[in-house]
Amino acid sequence: MKKTIITISRQFGSGGRTVGRLIAEKLGIPFYDKELVENIALESGFAPTFVEEHGEHSPGRTLLSYAFASTGVPGVMNGLSTADFLWSIQCSTILQIADKGPCVIVGRNADYILKDREDALHVYIYADLDYRADRIVRLYGESEKSPVARLQEKDKRRSVNYHHYTGRTWGASENYDICLNTSVIGVEEAADIVVSLIHNMK
């Protein structure tokens with residue numbers, strides 16, 4: 001089956017969001033990143049900034065962080081914890097978006113949520129540590145933490161969130177259809193490879 005939905009999973013600083021946007025532009029299909037956050041915020045009642053931070057990041061760096069997350073109140077958020085309620089809304093929103101037709105979806109564990117769809121192509125974007133460290137400083141500026149520490153913390157919390165809700169290892173090649181290293185091939189070339197793949201698939 002032809003692949004018309006592309007999910008982009010990415011290491012922080014690898015340029016995955018940019019790759020996704022370029023793919024959407026080249027294919028002329030909708031792109032969901034901030035737009036997805038806004039949809040989830042609208043549906044959940046949470047602020048977009050809260051959704052952006054907590055929708056794909058764990059409360060801490062270990063799975064235990066979920067054990068200490070606040071539990072839900074009966075009658076409020078269906079009795080679910082804040083994290084589980086957000087996950088439920090996120091799943092529902094991504095499934096609805098995919099049902100609308102061709103699109104590119106960045107992050108939010110969309111590769112897992114849409115794993116059973118035959119029309120979905122799952123892409124993982126990664127890059128060397130030095131490349132990513134340089135890139136986040138250029139894009140986001142310096143902070144109190146070193147670039148490497150920022151990368152490691154962000155990726156760790158993303159990995160923990162992914163494992164908690166999917167039972168799978170984030171970044172493991174078997175979870176994706178194609179993995180691309182932007183520090184070797186570049187962001188533009190990564191997008192072109194995916195677009196070429198889509199065009200050549202039956």
Q. Could you say whether any residue in segment 191-198 is open to solvent by 20 Å² or more (accessible area, probe 1.4 Å), farther than 17 Å from residue 3 by Cβ and either at pLDDT 95 or above or among the basic types (Lys, Arg) (or both)?
A. no
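Okay, residues lined up against (1) surrounded by 15 or more Cβ atoms within 10 Å (Cβ to Cβ); (2) of a type outside the set (Val, Ile, Thr); (3) at pLDDT 90 or above:
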position: 133; (1), (2), (3): yes, yes, yes
position: 139; (1), (2), (3): no, yes, no
position: 143; (1), (2), (3): no, yes, no
position: 146; (1), (2), (3): no, yes, yes
position: 156; (1), (2), (3): yes, yes, yes
position: 161; (1), (2), (3): yes, yes, yes
position: 172; (1), (2), (3): no, yes, yes
position: 185; (1), (2), (3): no, no, yes
Q) Quick one: in segment 80-128, which of the residues that are open to solvent by less than 40 Å² (accessible area, probe 1.4 Å) and without any contact (Cβ under 8 Å) to a residue 24 or more places away in the chain is nearest to residue 11 (Cα to Cα)? A) 113
Q) Scanning for something free of Cβ contacts under 8 Å to residues at least 12 places away in the same chain, closer than 17 Å to residue 122 by Cα and in a helix (DSSP H, G or I), does segment 151-174 turn up at least one residue? A) yes
**Q.** Matching residues in segment 1-44 - criterion: being among the β-branched types (Val, Ile, Thr), in a helix (DSSP H, G or I), open to solvent by less than 30 Å² (accessible area, probe 1.4 Å) and modelled with pLDDT of 95 or more
**A.** 19, 23
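The values are calculated or read from the model by the stated rules, or taken from the named source; none is laboratory data. Since the model is a prediction, treat every value here as computed from it, not as a measurement. Because the Cβ atoms are built from the backbone with ideal geometry, glycine has one as well, and the counts that use them run over all protein chains shown. The protein model used for the area step is the full one, side chains on, heavy atoms only, and it has no ligands, DNA or RNA in it. Shrake-Rupley method; radii C 1.70, N 1.55, O 1.52, S 1.80 Å.
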